[in-house]
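First the structure, in the form of structure tokens, and then the observations on it.
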Amino acid sequence: MFFGHQVTMHQERAGMVAKSIDHFGPILEKEDWLKVSSLLKTNLVDFEMEPFVKDEGTNTEAGKFMIKDPAGNLLEFKYYSYFDSTVAQKKA
């Protein structure tokens, strides 16, 4: 975690070419994530990736959606219901 946000880095190594990372965004609490996605829908903001929830009701439940800001930058909004069971345990 980096100041409360998940930062992804792809490193090139033998047999694996690094992929570019074209987005950035916050990790929110589920309630805030739902409010933001609802507000965006209400204001007819186009989603690059529609809001979806995976593994609902489990300890790996997570939500995600993507939009573009006015400059065309891709922003990803996520939540993890049980952060310690998903992202936190994967830290190097």
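Select from the range 56-75 the residues that are among the charged types (D, E, K, R) and either in contact with a Ser or Thr (Cβ under 7 Å, 6 or more places away or on another chain) or exposed (fewer than 13 other Cβ atoms within 10 Å of the Cβ) (or both) and list them in ascending order.
First, the residues of the range 56-75 that are among the charged types (D, E, K, R): 56, 61, 64, 68-69.
Selection gives 56, 61, 69.
Would you confirm, using the coordinates I've provided, whether residue 51 is at pLDDT 95 or above and in contact with a Lys or Arg (Cβ under 8 Å, 6 or more places away or on another chain)? Yes.
Can you confirm whether residue 51 is touching a Gly at 6+ places or on another chain (Cβ under 7 Å) and surrounded by 14 or more Cβ atoms within 10 Å (Cβ to Cβ)? Considered against the rule, which asks whether it is touching a Gly at 6+ places or on another chain (Cβ under 7 Å) and surrounded by 14 or more Cβ atoms within 10 Å (Cβ to Cβ), residue 51 comes out as yes.
Starting from residues that are part of a loop (DSSP other than H, G, I, E, B) and in contact with a strand residue (DSSP E or B) (Cβ under 7 Å, 6 or more places away or on another chain), keep the ones in the range 56-72 and report whichever is farthest from residue 84 (Cα to Cα). Before you say what the answer is, go through the steps one by one.
At the first step, the residues of the range 56-72 found to be part of a loop (DSSP other than H, G, I, E, B) are 56-61, 69-72.
Next, from what is left, pick out any that are in contact with a strand residue (DSSP E or B) (Cβ under 7 Å, 6 or more places away or on another chain): 61, 69.
On the way: 61: 11, 69: 30 Å.
Among them, the one singled out is 69.
The values are calculated or read from the model by the stated rules, or taken from the named source; none is laboratory data. Computed from a prediction, not measured in an experiment: that's the story for all the values here. Every residue, glycine as well, gets a Cβ built from its backbone with ideal geometry; the counts of neighbours run over all protein chains shown.
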